[in-house]
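The structure appears right after this line, and notes come after that.
Derivation of every value follows stated rules applied to the coordinates shown; laboratory data play no part. Just so you know, these numbers come straight off a predicted model, no measurement behind them. Cβ coordinates were reconstructed from backbone atoms using ideal geometry, including for glycine residues, and neighbour counts include every protein chain displayed.
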Amino acid sequence: MLAISHDPFVVYTSNIAAILGLRSLYFAVASLLDRFRYLHYGLGAMLAFVAFKMLAARWIDVPIVLSLAIMGTILTVCAVVSWMAGNRDQGSGTKGLRD
């Protein structure tokens, strides 16, 4: 962060704000993992995309809008697949369960 700004106050306050935001985001994602069965696969795909983007930044310039579109698509696909899998499980009822 010191490469971007040489003001220590700006560096420390931005890091503190980022850490507090990540803590809140962790609890939000943890509660969503119960509802969306395949969200963890989507988060892994997003992390892989970001890692690829960072590694290939020297050779490939990916625009911000395209990055956000890819991440939004990944999350949307995971949410829809989870929702469809949830409907399929609810439709089966108690068939196949032994008393």
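Note down the nm distance, to one decimal, between modelled labels 7 Å out along Cα→Cβ at I60 and at D34.
3.8 nm
Stretched out fully, how many nm does the piece from V50 to V77 gain, at 0.36 nm a residue minus the Cα gap?
Gain on stretching V50 to V77: 8.0 nm.
Taking the alpha carbon gyration tensor of the range 36-91, what are the square roots of 5 times its eigenvalues, largest first, to the nearest whole Å?
29, 11, 5
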